[in-house]
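Undergrad: Sharing a structure, written as structure tokens. Questions coming.
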Amino acid sequence: MGFMSISLHYTNITVNDPDEALPFYRDALGLEVRNDVASGGHRWVTLGSDAQPEVEIVISDPHAGRSQADGDAMQELLTKGVLPMLVFRTDDLDATFEKVRASGAEVLQEPIDQPWGPRDCAFRDPSGNVVRISQAATQ
């Protein structure tokens, strides 16, 4: 049996409202909208980066594609701010931090050198999701 390649194509972020989240992900982080699909009163917006053209982030609301009960559970976790964080990498952390901070995003952590290697910072998106941005340690 030969080697099978596998790679990440989509990852999902639950947000309260895609329209509210778009300025953060598109304008502040600089991701490009690749697709915007409406279905059944919900929207799925995919965004990507030229640095990784094959990977897309899908933003949608808690009830998109879920039962009422599951959507309610996701909404509760989103409201608590305990959904999994997203971590981006940049080659210029300080410039990226300033651009995102200038957008009005909530700053959780200014850029610092972490003891395990990277220099990073953290924000909350408009829905309360934690978004970290890191820069590889320089040798």
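The values are calculated or read from the model by the stated rules, or taken from the named source; none is laboratory data. Since the model is a prediction, treat every value here as computed from it, not as a measurement. So basically every Cβ, Gly included, is an ideal-geometry build from the backbone, and we count neighbours across all protein chains shown.
Undergrad: Quickly run through the range 24-50 and pick out the residues that are in a strand (DSSP E or B) and under 18 Å from residue 124 (Cβ atoms). First the steps, then the outcome.
TA: Quick first cut of the range 24-50, residues in a strand (DSSP E or B) only: 32-39, 42-49.
Scanning the range 24-50 gives a single hit, 47.
Undergrad: Within the group 94, 19, which residue is in contact with a strand residue (DSSP E or B) (Cβ under 7 Å, 6 or more places away or on another chain) and among the charged types (D, E, K, R)?
TA: Unique residue meeting the criteria: 94.
Undergrad: Here's another thing I want to ask about it. Any residue at all in the range 60-76 that is outside any strand (DSSP E or B), exposed (fewer than 12 other Cβ atoms within 10 Å of the Cβ) and small (Gly, Ala, Ser)?
TA: The answer is yes, given that some residue of the range 60-76 is outside any strand (DSSP E or B), exposed (fewer than 12 other Cβ atoms within 10 Å of the Cβ) and small (Gly, Ala, Ser).
Undergrad: Same structure again: Among 71, 48, which is without any contact (Cβ under 8 Å) to a residue 40 or more places away in the chain and touching a strand residue (DSSP E or B) at 6+ places or on another chain (Cβ under 8 Å)?
TA: Within the list 71, 48, the selection yields 48.
Undergrad: Has the range 46-55 got at least one residue that is closer than 20 Å to residue 133 by Cβ, at pLDDT 95 or above and in contact with a His (Cβ under 7 Å, 6 or more places away or on another chain)?
TA: So far as the range 46-55 goes, yes, one or more of its residues are closer than 20 Å to residue 133 by Cβ, at pLDDT 95 or above and in contact with a His (Cβ under 7 Å, 6 or more places away or on another chain).
Undergrad: Give the number of residues within the range 96-118 that are among the aromatic types (Phe, Trp, Tyr) and either within 20 Å of residue 27 (Cα to Cα) or surrounded by 11 or more Cβ atoms within 10 Å (Cβ to Cβ) (or both).
TA: Total satisfying the criteria: 1.
Undergrad: Of everything in the range 81-101, what is free of Cβ contacts under 8 Å to residues at least 40 places away in the same chain and among the basic types (Lys, Arg)? Give them in sequence order.
TA: Across the range 81-101, the qualifying residue is only 101.
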